[in-house]
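J.: First the structure, then my questions, so here it is.
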Amino acid sequence: MYSSSKPAETAKISVRAARPLEYYRKFLEKDVRPDGRELGEFRPTILNIGCISTAEGSALVKLGNTTVMCGIKAEFATPKTEEPSNGYLVPNVELSPLCSPMFRPGPPGEQAQVLSHFVNEVLNQSCCVRKEDLCIKTGKLVWVLYCDILCLDYDGNAPDACILSLLAALKSTMLPAVKYNEETEKPETDSVKTEPLHILSNPVSSTFAIFDDHLLFVDPTVQEESLATGTVTIVTNDNDLCLVQKPGGSPVTADQMNTCFERAFSRSKEVLRLIDEILHSIER
Amino acid sequence: MSNSSKRSNLRVMSAELSLLSRPDGSATLFQGDTCVMSAVYGPGEVRINKEQIDRATVEVIYKPRSGLPGCTEKSQERLIRNTCETVLLSSLHPRSSVSLTVQEMQNSGSLLACCINSMCLALLDSGMSMKCLVAAVHCVLDFEGAVFLDATDKEEKGAQACVTFVFDSVDKNVVMVHAVGKYSVEQFNKCMSVCRTASADIFHFYRETMTKKLKRS
């Protein structure tokens, strides 16, 4: 009987399984979470840039156990007639059954669609890539960047991981130099020369979970997400805000919102430092 | 154009309750030219795979005016559903389902706010128990940093940021936020205080609408 050797440990496991809410409350009373994190502490973030050699840009992000991969593929396209000098940015988030039993195979579920819409909104509103920069020949030829984000392991807080992987992948994107041949009306690519994509701003997302209607903590795991009574997602864009989203849940006061903003801005600095470090180490 | 963009209060609202005969509660709400119709069925039978043993399952179907619903509509649907779950006392009806249909009739700006307000009116009309009422207020920030309440679609296009807040009727705390664009924390807080003041008008409007309905019957 393993229970006789470590009775305290068994009791802990059974409380965690049978009464998760009480289990969490006991920890949160002491301002700490069961995994040892403080309320304002993110899980260790690991970033790997350029892991897909066939893509124009790519990044792999690990936020604790949550693993998200982003690949940027560039293709030629003809622009819309109403916006002849604008390229396209097409984000797509996939939550496959591989990453969690919550997701089923087949067409994208609600959460995947909501995440795709979220990523699209961040891309458009932050203007981190100017669509005019993707123009090769006005009215004739533009770049279309497919930003495919794939979740490999889902352990909560997918929005933050998606935005981080997207930004890192965009920053590492190298587009081949293209000349548009006027006579043949065909593009001529230079196989050796590449140019980096111009990134104008740095959107960084931070997600907060609301627990028991009053406690706020950052970076919820999947269990914390299921126990939470609401979430707040804040996307900062350098020194401004780009998107604030609180989809229902427990009401929060203005003061609580401001605490979230402060944490989001400090997180933004941490993340940008991390991306810069990794990009630097690749160049060397 | 000039007098419409100088607006610092809400557009004229008008509502009609119980205009559909089959649902348990229904409402059509006009906020300016924006019009949304909502209908509530429930509490009723629930599909086995969606059954929750401690509360009712809330389903929201958002119907765009034309075309099939895509990612944007799904996102909108989730915002409405989560807001509805927050206010509805769903634990009173375990193992049942509450189904809401929100039909967009005309979008002349502030659509999400109009959807949530009409949903709240439909729930009031159905007589389901709620924790509190909610009022949604939309505003836009222009490039000079001025706040315009309850924007029209034209104003939304030329705006620096579009913000929708939902407040509860008890403490006027924030139940839902959807804010996109480029803005500072100060601007966000300014929008919040302006919208919070305006939410009182919406709660007043709910009261008037219900009084009118109850007097008639």
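The values are calculated or read from the model by the stated rules, or taken from the named source; none is laboratory data. Note that the structure is a prediction, hence the values are computed from the model and not measured. Backbone-built Cβ (ideal geometry, glycine too); neighbour counts: all protein chains shown.
J.: Any residue in the stretch A:53-69 that is within 14 Å of chain B (Cβ to nearest Cβ) and touching a residue at least 40 places away in the same chain (Cβ under 8 Å)? Give the steps one after another, and end with the answer.
T.: Quick first cut of the stretch A:53-69, residues within 14 Å of chain B (Cβ to nearest Cβ) only: none.
No.
J.: Right, next: Can you name every residue in the stretch B:81-110 that is under 24 Å from A:D213 (Cβ atoms) and away from chain A (no Cβ under 14 Å)?
T.: B:L89, B:L92, B:H93, B:P94, B:V98 - these are the residues of the stretch B:81-110 that are under 24 Å from A:D213 (Cβ atoms) and away from chain A (no Cβ under 14 Å).
J.: Any idea how many residues of the stretch B:71-102 are surrounded by fewer than 18 Cβ atoms within 10 Å (Cβ to Cβ) and either in a strand (DSSP E or B) or hydrophobic (A, V, I, L, M, F, W, C) (or both)?
T.: 2
J.: Then there's this: If A:S85 passes every condition in (1) under 17 Å from A:L272 (Cα atoms); (2) surrounded by fewer than 19 Cβ atoms within 10 Å (Cβ to Cβ); (3) touching a Cys at 6+ places or on another chain (Cβ under 7 Å); (4) not aromatic (F, W, Y) but one, which one does it miss?
T.: The single condition A:S85 does not satisfy is (1).
Condition check ((1) free of Cβ contacts under 8 Å to residues at least 60 places away in the same chain; (2) closer than 24 Å to B:T57 by Cβ) across all residues:
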site	(1), (2)
B:L124	no, yes
B:H138	yes, no
B:G145	yes, no
B:K182	yes, no
B:T197	yes, no
B:I202	no, no
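J.: Which of the residues that make up the stretch A:142-181 are under 15 Å from A:C70 (Cα atoms), more than 9 Å from the chain's Cα centre (by Cα) and assigned to a strand (DSSP E or B)? If you could, list the steps in order and put the result at the bottom.
T.: Initial filter on the stretch A:142-181 (under 15 Å from A:C70 (Cα atoms)): A:145-154, A:158-174.
Still in the list and also more than 9 Å from the chain's Cα centre (by Cα): A:145-148, A:150-154, A:168-174.
Correct list: A:L145, A:Y146, A:C147, A:D148, A:L150, A:C151, A:L152, A:D153, A:M174.
J.: Going by the structure shown, is B:P69 over 13 Å from the mean Cα position of the chain (by Cα) and in contact (Cβ under 8 Å) with a residue 40 or more places away in the chain?
T.: no
Here is a yes/no grid of residues against (1) surrounded by 14 or more Cβ atoms within 10 Å (Cβ to Cβ); (2) modelled with pLDDT under 95; (3) more than 15 Å from A:P159 (Cα to Cα):
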{"site": "A:I52", "(1), (2), (3)": "yes, yes, yes"}
{"site": "A:M102", "(1), (2), (3)": "no, yes, yes"}
{"site": "A:V119", "(1), (2), (3)": "yes, no, no"}
{"site": "A:V129", "(1), (2), (3)": "yes, yes, yes"}
{"site": "A:K137", "(1), (2), (3)": "yes, yes, yes"}
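J.: Is it true that some residue in the stretch B:60-67 is assigned to a helix (DSSP H, G or I) and either closer than 19 Å to B:D153 by Cβ or modelled with pLDDT under 95 (or both)? Talk me through it step by step, then tell me what you get.
T.: First pass over the stretch B:60-67, keeping only residues assigned to a helix (DSSP H, G or I): none.
No; the residues of the stretch B:60-67 include none that is assigned to a helix (DSSP H, G or I) and either closer than 19 Å to B:D153 by Cβ or modelled with pLDDT under 95 (or both).
J.: Take the conditions among the β-branched types (V, I, T), more than 10 Å from chain B (Cβ to nearest Cβ) and buried (at least 20 other Cβ atoms within 10 Å of the Cβ) and apply them to A:T194. Does it pass? Spell out how you get there, then give the answer.
T.: Details: among the β-branched types (V, I, T): yes; more than 10 Å from chain B (Cβ to nearest Cβ): yes; buried (at least 20 other Cβ atoms within 10 Å of the Cβ): no.
In short, no.
J.: Looking at B:A113, is it more than 10 Å from chain A (Cβ to nearest Cβ), within 18 Å of B:T72 (Cβ to Cβ), in contact with an Asp or Glu (Cβ under 8 Å, 6 or more places away or on another chain) and in a helix (DSSP H, G or I)? Working first, answer last.
T.: Values: more than 10 Å from chain A (Cβ to nearest Cβ): yes; within 18 Å of B:T72 (Cβ to Cβ): yes; in contact with an Asp or Glu (Cβ under 8 Å, 6 or more places away or on another chain): yes; in a helix (DSSP H, G or I): yes.
So B:A113 fits the description; yes.
J.: Among what's in the stretch A:223-256 and is part of a helix (DSSP H, G or I) and more than 7 Å from every other protein chain (Cβ to nearest Cβ), pick the residue that is nearest to A:E121 (Cα to Cα).
T.: Residues of the stretch A:223-256 part of a helix (DSSP H, G or I): A:223-227, A:254-256.
In the following step, the residues that additionally are more than 7 Å from every other protein chain (Cβ to nearest Cβ) were identified as A:223-227, A:255-256.
Details: A:Q223: 27, A:E224: 26, A:E225: 23, A:S226: 25, A:L227: 27, A:D255: 26, A:Q256: 24 Å.
My answer is A:E225.
J.: Run down A:E224, A:E270 and say which single residue is within 19 Å of A:E38 (Cα to Cα), of a type in the set (D, E) and buried (at least 20 other Cβ atoms within 10 Å of the Cβ). Reasoning before the result, please.
T.: Working: A:E270 fails: buried (at least 20 other Cβ atoms within 10 Å of the Cβ).
Selected residue: A:E224, the only one of A:E224, A:E270 that is within 19 Å of A:E38 (Cα to Cα), of a type in the set (D, E) and buried (at least 20 other Cβ atoms within 10 Å of the Cβ).
J.: I've got another one for you. Counting only residues that are at the interface with chain A (Cβ under 9 Å from one of its Cβ atoms) and surrounded by 14 or more Cβ atoms within 10 Å (Cβ to Cβ), give me the strands (runs of 3 or more DSSP E) lying completely in the stretch B:128-217 with at least 2 of them.
T.: In the stretch B:128-217, B:161-168, B:174-183 are the strands (runs of 3 or more DSSP E) which contain 2 or more residues that are at the interface with chain A (Cβ under 9 Å from one of its Cβ atoms) and surrounded by 14 or more Cβ atoms within 10 Å (Cβ to Cβ).
J.: How many residues, within the stretch A:119-141, are more than 14 Å from chain B (Cβ to nearest Cβ) and either part of a helix (DSSP H, G or I) or without any contact (Cβ under 8 Å) to a residue 24 or more places away in the chain (or both)?
T.: Of the residues in that region, 4 qualify.
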